[in-house]
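To start, the structure under review is shown below, and the notes come after it.
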Amino acid sequence: MPISSGQLRAVLKPDIRSTTAELTARLSAAVQEIVPWFWEQMPDSYFEDIDQAARLGGEEFAVLLPETDAAGAESLAESLRAATSRLSIPVGANSVRVTASFGVSAFPPIQSADDLMTSADLALYSAKRRGKDCVVTAEAA
């Protein structure tokens, strides 16, 4: 069931990276296969039936959380971050250990669906600047 912007309450923007630049490049090249595999590894108990993971383009994707408030979205992102650190992702004949950073944005304080996505992006950039493998929640501008 598609989610309309009027129903959307929170967004997570993850960034999955390997611990080495070479493996991160290989991981990015294989993202079309890895993203579905990644979400299959996450326990169903983390998500509501209405939650959706959506590829936005390239290696960028988001988790749309229509029934989750800011505190719940931040808690989910932290659970996903911790679970990611325990994964070995198959890339070709090898497996790769990865970390994940998350940008989290939610209504309120964010006021529109466009602002929700933009603030999740900005929060993700902040997480990556902080050294990766962390969760940053957006605040109202």
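Some notes on this structure:
- Count - residues of region 74-118 that are surrounded by 14 or more Cβ atoms within 10 Å (Cβ to Cβ) and not in a helix (DSSP H, G or I): 16
- Matching residues, region 92-114, being among the aromatic types (Phe, Trp, Tyr) and closer than 21 Å to Lys128 by Cα: Phe102
- Residue in region 6-21 that is acidic (Asp, Glu) and modelled with pLDDT under 80 present: no
The values are calculated or read from the model by the stated rules, or taken from the named source; none is laboratory data. Note that the coordinates shown come from a computational prediction; the quantities given were computed from them, not determined experimentally. Neighbour counts are summed over all protein chains in view; Cβ atoms, including those assigned to glycine, are modelled from backbone coordinates with ideal geometry.
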